[in-house]
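A short reminder: the numbers here are calculations on the coordinates, not readings from a lab. Here the structure is a predicted model, which is why all the values come from computation and not from measurement. All Cβ positions, even for glycine, are placed from backbone atoms using ideal geometry, and neighbour counts span all protein chains on display.
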Amino acid sequence: MDSLKEDLKKQIIEQLNLEDLTVADIADDALLFNDQGLGLDSIDALELIVLLEKYHGIQLTNPEEGKEAFKSVDTMAAYIRKRKAA
Amino acid sequence: MIYIGAEVIISPLGDTAEDNWEALSENRSGIVLAPGVGFNKEDIHLSQIAWLNGPLRFQRLVIKALAALKERIDASILTSDRTMVLISSTKGALDDNLHDQFGETCSAVMQQFNLAHLPVVISNACISGVLTLNVAGNMVEAGQYDHVIVIGCDVASDFVLYGFQSLFAVSDKPCAPFDAARKGITLGEGCGAALVSGMQSVFKDKPLELLTGTSANDANHISGPSRTGEGLVRCVGRTMQKHGIGTEKIDFICAHGTGTVFNDEMEAIAFGRLSLSDKPLNSLKGYFGHTLGAAGVIETAVCMQMMRNSMLIKSLGYCDAGTSEPLNIILKNEPKKLRTILKTASGFGGGNASLMIRDL
Amino acid sequence: MKVITAYCNLRADECLVNGKVVARREVGSEDSWFKQIYKQQAWVYPKFYKMDMLSQAGYLASELIKRANPGISEAYSDDEIALVFANASSSADTDRRFIQSYEGGGSPSPSLFVYTLPNIVLGEIAILNKWYGENMFAVLPKFVPGFYLDYSRILLASGSRALLGGWLEVTAGSTDVFLFMVEEKESGTEFNEENLLHLSQTVAAY
C-alpha cells in the first residue's frame with residue numbers, strides 16, 4: 001500500500017469536509033472532478049492547493065497547474081513526488 | 001412615480017458625486033498599487049481612500065455620506081417617521097467588531113441624525129446595492145414609507161483581500177472588465193448614497209425616475225457565475241417587462257463587469273440572450289475597483305451623473321474583445337442624450353439584480 | 001388570504017416542525033447537532049457537509065418544511081417562491097473561522113471564504129431546489145415580525161406567489177432558527193405579526 005496515497009485520501013476527506021466518504025471509497029485512479037468520481041468543484045480545487053501547502057509544503061501559484069495534478073489521487077501523489085524531488 | 005436623486009459618491013476619486021464625475025470624465029482611476037499588502041506580502045492593486053484609516057472607518061464613511069446627502073434634500077424629512085434608511089453592505093465594520101458588524105453603525109447613525117427608525121442592513125453580496133435601491137423603491141411604492149435613503153458602503157480589509165486571493169481572483173494588474181486579457185478583480189472601498197422618494201419636492205436638484213427592478217437567483221453555484229446567464233436573463237427580462245420597456249428603449253447598460261473571466265463571460269452571454277448586445281455598455285470597476293456592497297449604489301449614482309451630463313463614460317481597462325458573445329463596450333467618452341438606462345449586478349450566492357433609471 | 005402553511009423551529013436542543021418535535025439533540029454524540037438531524041432524516045446531499053452552519057441550518061429547516069408541506073415545488077413555477085431571510089450576526093461565526101484559517105501560519109481557506117456572506121444560505125436553497133426567484137437577506141438587531149410582513153407584502157404583490165421566510169441566528173453560543181412558508185389559501189393560520197411572533201416562540205408539546 002502506498003502510504004502517500006492513503007495519507008492524501010485522508011487529507012482530502014478532512015480538508016474538503018467529505019464526511020460521507022472513507023479512505024476505502026476513494027480509488028487511486030478515481031477522477032476527482034468527475035461526477036462519476038468524487039464530483040469535486042472549483043472551490044475544492046482551490047482547497048486542494050491549500051492542502052498541498054499545509055501538508056506537503058508545496059506552493060502552487062498557478063491554479064492551471066493544478067488541473068493536471070489534481071486529476072486523481074494517483075496524479076496528486078506523482079505531482080508531490082516530482083516537486084519534492086526537484 | 002418613484003424619484004431618485006441627491007446622489008453622493010465618496011471614493012478615492014473624491015467626496016462628492018461632482019468630484020467623482022470630474023475624475024470619470026477625465027478617465028482617471030482610483031486604483032493604485034499598494035505595496036506589500038497581499039497575504040504573501042505581494043504588491044496589490046487597490047482602490048483605497050487615502051484619508052480613511054484608523055478605527056470606525058465603516059461608520060465614519062456612512063455618516064459622512066448621510067451628512068452629504070442631507071445637504072441635497074429637504075433635511076426635515078430625515079427625522080420623520082415616514083423616512084427609512086437602508087444600508088447596503090457585505091462586511092460592514094468587520095474590523096471593528098467581528099460579532100456585530102452593523103449594529104453599532106446603525107445606532108450611531110440613528111442617534112447622530114435623530115432618525116425615527118433604526119436603519120436596516122441588507123447584505124446580499126455584490127448585488128446588495130442594486131437590490132437595496134429596489135427595496136427602497138418598493139417600500140415607497142407600497143406606501144410603507146414616503147422616503148427611503150439608501151447608503152451602500154464597504155471598506156477595504158485584509159479579510160476580503162486574502163479571501164479573494166485564496167480564490168485566485170485578484171488581478172495582478174488593474175482590473176480590465178470584458179477585456180481579452182482580464183485576470184480578475186481589483187478590490188475597492190467607497191460609499192454611495194441616494195434618496196428614493198415619492199415626492200419630487202424634497203430634492204434640491206431635479207431627481208430622476210427610478211424604475212424598480214427584480215432579483216433572480218442563478219440556482220447554479222454559490223461562488224461561480226452561471227454558464228448560461230440564466231439568473232441575469234430572468235432578472236433583466238422581468239425588470240423590463242414590469243415597466244413595459246422594450247430593448248429599443250434602453251440607451252445604455254452599466255454592467256457588473258468584475259473583470260473575472262467567468263463573470264464577464266456570463267454577462268456577455270446573458271445580454272446576448274436578451275438581445276441587448278448592441279447597447280453601449282461599460283463597467284465602472286476600472287475606476288472604483290469592486291466595492292462589493294457599495295458597488296451597486298456608487299455605480300447607479302454614476303449612471304445618474306451620466307444622464308445629467310448626457311455623456312457615455314469609457315469602460316476603463318478594456319482594449320480587446322474577450323467574451324464569446326459580442327458586446328458594444330464604450331471605448332471613449334462620448335456625448336449622448338440618455339433617456340433610459342439599465343444597471344445590473346451579479347454576485348456570490350447566485351444573486352442577480354437590475355434596475356432602470358429614466359430621465360424625467 | 002395569506003397563511004403560514006408550515007414552519008420549523010430549530011433550537012440548541014430540539015427541532016420542531018409545525019410545533020411537533022422531529023429531533024432532539026443527543027448529548028454525547030460525536031456528531032454535531034445539525035449532522036445528527038441530517039443523518040436521522042436519511043437525506044443524501046453530500047454538499048451538506050461542506051456548508052457552514054448557517055447554510056446547514058437553512059438546508060435542514062427548508063427541507064423539513066418541504067416534507068411537511070409536500071408539493072410546494074410542484075405548486076409553483078421555478079421563480080415564484082421568494083426567499084426573505086434575516087439574522088443579527090450576519091456570517092460572524094464563519095468569518096471567525098476564516099480568520100483563524102490564515103492567522104497563525106495557515107493559508108486563507110477558499111472554501112470557508114465563500115461562506116463569509118450571510119446570503120449564501122439563500123443560494124444553497126436556490127441551488128438545491130432550482131428556484132430562480134427573488135432573494136433578500138437583511139441583518140436586524142432581533143427578530144422583527146413586521147420586517148417580514150412588510151417586505152413579503154411587496155414581493156407577493158409583484159410576481160412572487162409564495163414565500164419562504166427565515167430568521168437564522170447560528171453562532172458558537174446559540175441556535176435560533178425559525179423558517180416559515182407563506183402561501184395564498186382560503187383558510188389557515190393568517191400571516192400577521194401576532195401569529196408570526198407566536199409561531200417563532202413555539203414550545204414543544206409534550
Size descriptor, Kirkwood hydrodynamic radius, that averages inverse alpha-carbon separations across region B:208-358, Å
15.1 Å
Expressed in angstrom and rounded, the centroid-to-centroid distance over alpha carbons for region C:3-53 and region B:298-323 is 48 Å
Once each part is reduced to its C-alpha centroid, what is the distance from region C:125-149 to region B:211-277 in angstrom?
21 Å
Antiparallel content of DSSP bridges confined to chain B, in %, to 5:
65 percent
Calculate, axis by axis, the spread of Cα positions in region C:9-67 along the three principal axes, and write the results as whole Å, longest axis first.
29, 29, 20
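Going by C-beta contacts inside 10 Å, put B:Met110, B:Met306, C:Met53 in order with the fewest on the left. Please report the intermediate quantities before stating the final value.
Numbers: B:Met110 15, B:Met306 25, C:Met53 22.
Result, fewest neighbours first: B:Met110, C:Met53, B:Met306.
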Where does the protein assembly as shown land on the Kirkwood hydrodynamic radius, alpha-carbon pairs, in angstrom?
25.1 Å
With Cα springs under 10 Å, the Gaussian network model of chain B assigns the largest mean-square fluctuation among B:Ala193, B:Ala75, B:Ala125 to B:Ala75
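For the pairs B:Lys41/B:Lys91; B:Lys183/B:Lys249; C:Lys66/C:Lys185, note any where the Cα-Cα span goes beyond 25 Å.
Working: B:Lys41/B:Lys91 23 Å; B:Lys183/B:Lys249 33 Å; C:Lys66/C:Lys185 17 Å.
Beyond 25 Å between Cα atoms: B:Lys183/B:Lys249.
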Value of D in µm² per second that Stokes-Einstein yields for region A:1-50, Kirkwood Rh from Cα pairs, at 20 °C (1.002 mPa s)
193 µm²/s
Sort B:Arg273, C:Arg24 so that the residue with the fewest other Cβ atoms within 10 Å of its own Cβ comes first and the one with the most comes last.
C:Arg24, B:Arg273
Comparing B:Thr247, B:Thr132, B:Thr239 in a Gaussian network model of chain B (Cα, 10 Å), the one with the largest mean-square fluctuation is B:Thr247
Calculated SAXS-style log₁₀ I(q)/I(0) at q = 0.11, 0.20, 0.22, 0.25 Å⁻¹ - region B:1-83, Debye, Cα scatterers:
-0.44, -1.03, -1.13, -1.24
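Provide the FRET efficiency to the nearest 0.05 for the B:Ser25-C:Glu184 pair, computing r from the beta carbons and using R0 = 35 Å. Walk me through the intermediate numbers first.
On the way: r = 51 Å, r/R0 = 1.44.
Between B:Ser25 and C:Glu184 the formula returns 0.10.
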Among B:Ser324, B:Ser315, B:Ser346, whose mean-square fluctuation peaks in a Gaussian network model of chain B (Cα, cutoff 10 Å)?
B:Ser324
For chain B, convex hull volume per residue from C-alpha positions, Å³
117 Å³
Once you have all Cα-Cα distances for region A:3-85, histogram them in 5 Å bins from zero and send the whole-percent values.
3, 15, 31, 31, 16, 5, 0
Let me understand region B:1-143 better: what is its radius of gyration from the alpha carbons, and its Dmax, in angstrom?
16.8, 52
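Would you please classify the overall shape of region B:113-271 from the alpha carbon gyration tensor, given that a ≥ b ≥ c denote the square roots of the eigenvalues, rounded means a/c under 1.5, and beyond that prolate means a/b larger than b/c while oblate covers the rest? Mind showing how you got there, number by number?
Working: a/c = 2.06, a/b = 1.38, b/c = 1.48.
In terms of gyration-tensor shape, oblate.
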What helices in chain B pass both tests, a Cα length along the helix axis of 15 Å or more and a mean Kyte hydropathy of 0.0 or higher, using whole DSSP H runs?
B:57-70, B:103-113, B:128-141, B:261-273, B:295-309
Take the Cα gyration tensor of region B:223-301, multiply each eigenvalue by 5, square-root it, and list the three semi-axes largest first, rounded to whole angstrom.
20, 16, 12
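Among B:Ile313, B:Ile49, B:Ile127, rank each residue by its count of other Cβ atoms within 10 Å, from fewest to most, as a rough exposure measure. Write down the numbers at each step before the final one.
Details: B:Ile313 24, B:Ile49 21, B:Ile127 34.
The order, fewest Cβ neighbours first, is B:Ile49, B:Ile313, B:Ile127.
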Can you tell me the 0 to 90 degree angle between the C-alpha axis of helix C:92-102 and the longest principal axis of chain C, rounded to 10?
20 degrees
Taking Cα atoms, the helix C:53-68 axis meets the longest principal axis of chain C at an angle in degrees (rounded to 10) of 30 degrees
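Once R0 is set to 35 Å, what does the formula 1/(1 + (r/R0)^6) return for the Cβ-Cβ distance between B:Phe262 and B:Lys332, expressed as a FRET efficiency to the nearest 0.05?
0.80
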Counting only DSSP beta bridges with both partners in region B:208-358, the antiparallel fraction in percent, to the nearest 5, comes to 70 percent
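Taking the square root of 5 times each eigenvalue of the Cα gyration tensor, what semi-axes in Å does the equivalent ellipsoid of region C:1-150 have, largest first? Could you put the intermediate results ahead of the total?
Working: eigenvalues 137, 80, 51 Å².
Result for region C:1-150: semi-axes of 26, 20, 16 Å.
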Taking every DSSP beta bridge with both residues inside the protein assembly as shown, roughly what % is antiparallel (nearest 5)?
70 percent
Per the Kirkwood formula over distinct C-alpha pairs, the hydrodynamic radius of region B:74-165 in angstrom is 14.0 Å
Please work out the Cα center distance from region B:13-84 to region B:109-174, rounded to the nearest Å.
13 Å
Report, in degrees rounded to the nearest 10, the 0 to 90 angle that the Cα long axis of helix C:145-156 makes with the longest principal axis of chain C.
70 degrees
